[in-house]
Amino acid sequence: VFEFDMALETEAVYLFPTENSAAHKTDKYELVHDEENPIAIFRRGLKFTIAIRFANRGFDKNRDLVRLLFNYGPNPNAIKGTRGVLTIDPKKRRRIDDEQKLWLANVLNHDSDTMTLEIFAPPSIPVGLWTLQVETNILNSTDEPKIYDHENSFYFLFNPWNCHDLTYMPEERLLDEYVLTDVGKVWVGPYGTTKGREWVFGQFDACVLSATMLMLEKSGLPYTRRVKVLPGMISKMVNSNDDDGILVGRWDGKYDDGTAPSAWTGSVPILQQYLDTEAPVPYGQCWVFSGVVTTICRALGIPSRVVSNLVSAHDANATLTVDKYFNANNEELTYDPNNEMGEDSIWNYHVWNDVYMARPDLPPGYGGWQAIDATPQEVSSGFYQCGPTSLEAIRKGSVGLNYDVAFMIASVNADLMRWKEDKECEMGYSKIYCNKYHIGRFILTKAPFIFDPNGDKDRMDITNLYKAKEGTEAERLSLLNAVRGTEAAKRFYALPEPEMEDMEFDLQGENFRVIVKIKNKSDKLRHIKCSLSAASVYYTGVKAQQITREEGQFAMKPNSSEELKLVVSADDYLEKLVEYCNMKIYAIATVTETRQTWADEDDFQVLKPQININIPAEIPKKKPTTVTLRFVNPLKKVLTNCKFNISGSSLLKNQVVPYPDVKPGAVIKVDVEIIPKVEGEQKLVATFTSKQLLDIAGSAKFEVVSDDD
């Protein structure tokens, strides 16, 4: 048999991971630069170069048939979009541009045994792990082709730089922030004391894409649907309520069998543990879920940002309200008499994500930023998931559009209604108070291109993207538009507002001193019963312990004023605080003559020290530098089970540093050595946890410079 009567035998395929990565903006991924086995990472809708070497002879364009089979999943199918089939024809050279909807290949060069090709993958193919087969035969032969399986899988990612990709962002410069920035901030804490908490997203770490693929496999999502419903699936799989998702949520302060949510410095150690154990990682809370979602989205190429809603509503019964109920004695009920599914709640803050994508399933104008929420709050379509929800739909009150629009509207703009037991009312309760401005005080994210490790200069207010300005006609019309499309909400908003409000009440507080100011605006004597109380609360609004209470009764002459004061001392609260040191003030008052009832509440927080990170403004690349972490124990008790968590993207993997017991008021100080590998601006993030004290964090920004000189 002559050599040319035999089909070509493929010896090797070269995907040039490093060479292709710069044009594909994937050069930061650690997998691309692995010294032993580099993995190619491409963006769809963009051409790349590969080479094929044949073992037995060179390619003959008049005799040889060479086909490339790009495969996605166990049962690839060209019709379903999970297989790309390319027949190599050196006689034809096709123009490649980003509008192409088909796979294309052009021969750039072929010599004695090697063929170099330019490949284009359409901007609509599924993202994830692909494989490549090379099929060779003689033209018009009836023999079975020879098949070469390339030993390495490779990735195709979303391409938000391509205007035909689902994730395309027209303002391309923002992609440096929303796709390529690997350290960011999450705003946490109550309204008034909120602060930016640093988070290492680390989307380029070697474990991230592998952990994401494990998550995709565990989701059971068909390979053909992994583009259209991917963001919603991410919100489902980052929590573990329905399946073997990534994180276990917990809010009761009991974390001994896992990691306290406040101890995490970023997403990489969570995803590494998930990849190693193939089991959900304990524990997360809303900002941890959101940080992991950001990492996964940015790793896949979906523009994403963390969003914090200060004073966030959890509407458990789809009424677009947050309802608080009181009995005839002005005592707040611990259950919702009108909802068997559970009571509404107000979180001090809640954190979710915005992702940027087109919405071909919705009418024009509803693409762009979409909210997704991985924190398991309510079931949507049978699973704990939320979104993607168009921000434009939230702002307009368009509850008829997919997905979860009503729930997100309530989160940022529900009316806070208070109800009191009333046997004469059909519901058994009459509306005593309605606050239209309490929910969604601020909606915050990190501003692009700014990082302030010591303050909040990098904070950006995006409230106007979610709702019109509070108190405006546009804001009310949007909410009422949502009410019209929500049956349960119609019933609550149809009930009349309370009448005969001739008493004025105002809750004021500062530095642990709280006052209710009462004014009789009528021309008659009024008798008032008023109470003020303080309680420690979890950030989800769940009450932990009563701290102190004050009551007063007043006989008020016409046009007179009175005050009820409550002072909360350190001795009162120190032993009763729970994690994050949040307290809530409750006030309620009743007018005997008119039955007018007023109630209000406010949050404040006992602030904790920050970790001071001492590091030079400039440090040398590839040489050891000592970093000092320091803060003072603020408690009058010994701290036990102490440890620091320290990490920095492309700087060092998450490092856990145990620390001995700490006496009251003692200085806590630890030295850590780092050896930077990459030049440029870098960030270091640290947390401290102990059995008695959680949620201590700090960060530093510095420049890594070449020491060649």
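Residues in the range 486-511 that are open to solvent by less than 60 Å² (accessible area, probe 1.4 Å), farther than 30 Å from residue 397 by Cβ and part of a loop (DSSP other than H, G, I, E, B): 502 only. Tell me yes or no: at least one residue of the range 193-208 is over 21 Å from residue 121 (Cβ atoms), in a helix (DSSP H, G or I), among the small types (Gly, Ala, Ser) and modelled with pLDDT of 95 or more. Checked against the condition, which is being over 21 Å from residue 121 (Cβ atoms), in a helix (DSSP H, G or I), among the small types (Gly, Ala, Ser) and modelled with pLDDT of 95 or more, the range 193-208 yields at least one hit. If you filter the range 530-577 down to residues that are among the basic types (Lys, Arg) and farther than 23 Å from residue 329 by Cβ, you find that the one that is surrounded by the most Cβ atoms within 10 Å (Cβ to Cβ) is 576.
Restricting 37, 71, 62, 20 to residues that are farther than 30 Å from residue 219 by Cβ and not β-branched (Val, Ile, Thr) narrows the list to 62.
Taking residues in the range 688-704 that are aromatic (Phe, Trp, Tyr), and partners anywhere that are assigned to a loop (DSSP other than H, G, I, E, B), the pairs with Cβ atoms closer than 7 Å and at least 6 places apart or on different chains are 688/611; 702/615; 702/616; 702/617.
Would you mention how many residues in the range 134-144 are more than 16 Å from residue 70 (Cα to Cα) and open to solvent by less than 90 Å² (accessible area, probe 1.4 Å)? Within the range 134-144, residues that are more than 16 Å from residue 70 (Cα to Cα) and open to solvent by less than 90 Å² (accessible area, probe 1.4 Å) number 4.
Scanning the range 676-709 for residues that are open to solvent by 50 Å² or more (accessible area, probe 1.4 Å) and either at pLDDT 90 or above or within 30 Å of the chain's Cα centre (by Cα) (or both) yields 677, 678, 679, 681, 691, 692, 701, 703. Report yes if residue 129 is in a strand (DSSP E or B) and in contact with a Leu (Cβ under 9 Å, 6 or more places away or on another chain), otherwise no. It is true that residue 129 is in a strand (DSSP E or B) and in contact with a Leu (Cβ under 9 Å, 6 or more places away or on another chain).
Only one entry in 308, 312 is crowded, with 24+ Cβ neighbours inside 10 Å and touching a Leu at 6+ places or on another chain (Cβ under 6 Å), namely 308. Restricting 253, 249, 284 to residues that are open to solvent by 10 Å² or more (accessible area, probe 1.4 Å), among the small types (Gly, Ala, Ser), farther than 30 Å from residue 76 by Cβ and in contact with a Pro (Cβ under 8 Å, 6 or more places away or on another chain) narrows the list to 249. Would you say residue 115 is open to solvent by less than 60 Å² (accessible area, probe 1.4 Å), assigned to a loop (DSSP other than H, G, I, E, B), touching a strand residue (DSSP E or B) at 6+ places or on another chain (Cβ under 9 Å) and modelled with pLDDT of 95 or more? Considered against the rule, which asks whether it is open to solvent by less than 60 Å² (accessible area, probe 1.4 Å), assigned to a loop (DSSP other than H, G, I, E, B), touching a strand residue (DSSP E or B) at 6+ places or on another chain (Cβ under 9 Å) and modelled with pLDDT of 95 or more, residue 115 comes out as no. The single condition among (1) under 15 Å from the mean Cα position of the chain (by Cα); (2) part of a loop (DSSP other than H, G, I, E, B) that residue 234 does not satisfy is (2).
Out of 265, 259, 212, one residue alone is open to solvent by less than 10 Å² (accessible area, probe 1.4 Å), over 21 Å from residue 371 (Cα atoms) and not charged (D, E, K, R). It is 265. For residue 483, state whether it is crowded, with 17+ Cβ neighbours inside 10 Å and not small (Gly, Ala, Ser). It is true that residue 483 is crowded, with 17+ Cβ neighbours inside 10 Å and not small (Gly, Ala, Ser). Residues in the range 25-65 that are in contact (Cβ under 8 Å) with a residue 60 or more places away in the chain, assigned to a loop (DSSP other than H, G, I, E, B) and either of a type in the set (S, T, N, Q) or open to solvent by less than 40 Å² (accessible area, probe 1.4 Å) (or both): 26, 29, 37, 39, 40, 44, 45, 62.
The set of residues from the range 558-587 being of a type in the set (Phe, Trp, Tyr) and touching an Asp or Glu at 6+ places or on another chain (Cβ under 9 Å) comprises 580, 586. Restricting attention to the range 380-391, the residues being open to solvent by less than 30 Å² (accessible area, probe 1.4 Å), in contact with a Lys or Arg (Cβ under 8 Å, 6 or more places away or on another chain) and not in a loop (DSSP other than H, G, I, E, B) number 1.
Of the strands (runs of 3 or more DSSP E) lying entirely inside the range 316-379, the ones with 1 or more residues being over 20 Å from the mean Cα position of the chain (by Cα) and either more than 25 Å from residue 290 (Cα to Cα) or modelled with pLDDT of 95 or more (or both) are found at 321-326. Considering the range 516-625, the qualifying strands (runs of 3 or more DSSP E), each wholly inside and each with 2 or more residues that are of a type in the set (A, V, I, L, M), run over 526-537, 543-556, 561-567, 582-591. Scan the range 94-109 for residues that are under 25 Å from residue 147 (Cα atoms) and either open to solvent by 70 Å² or more (accessible area, probe 1.4 Å) or acidic (Asp, Glu) (or both) and the total you get is 3.
May I ask you to say which residue of 248, 179, 238, 186 is over 30 Å from residue 366 (Cβ atoms) and β-branched (Val, Ile, Thr)? The conditions single out 248. Could you check the range 316-348 and list, in sequence order, the residues that are open to solvent by 10 Å² or more (accessible area, probe 1.4 Å), within 19 Å of residue 391 (Cα to Cα) and touching a strand residue (DSSP E or B) at 6+ places or on another chain (Cβ under 9 Å)? Listed by number, the list is empty, since nothing qualifies.
Looking only at residues in the range 657-675 that are surrounded by 13 or more Cβ atoms within 10 Å (Cβ to Cβ) and part of a strand (DSSP E or B), the one that is farthest from the chain's Cα centre (by Cα) is 662.
How many residues does the range 636-649 hold that are within 24 Å of residue 619 (Cβ to Cβ), in contact with a Lys or Arg (Cβ under 8 Å, 6 or more places away or on another chain) and either assigned to a strand (DSSP E or B) or open to solvent by 50 Å² or more (accessible area, probe 1.4 Å) (or both)? Final tally of qualifying residues: 2.
The values are calculated or read from the model by the stated rules, or taken from the named source; none is laboratory data. Bear in mind the structure is a predicted one, so any value in this text is a computation, not a measurement. Cβ: placed from backbone, ideal geometry, glycine included. Neighbour counts: every protein chain shown. Calculation scope for accessible area: heavy atoms of the full protein, side chains included, ligands and nucleic acids excluded. Shrake-Rupley method; radii C 1.70, N 1.55, O 1.52, S 1.80 Å.
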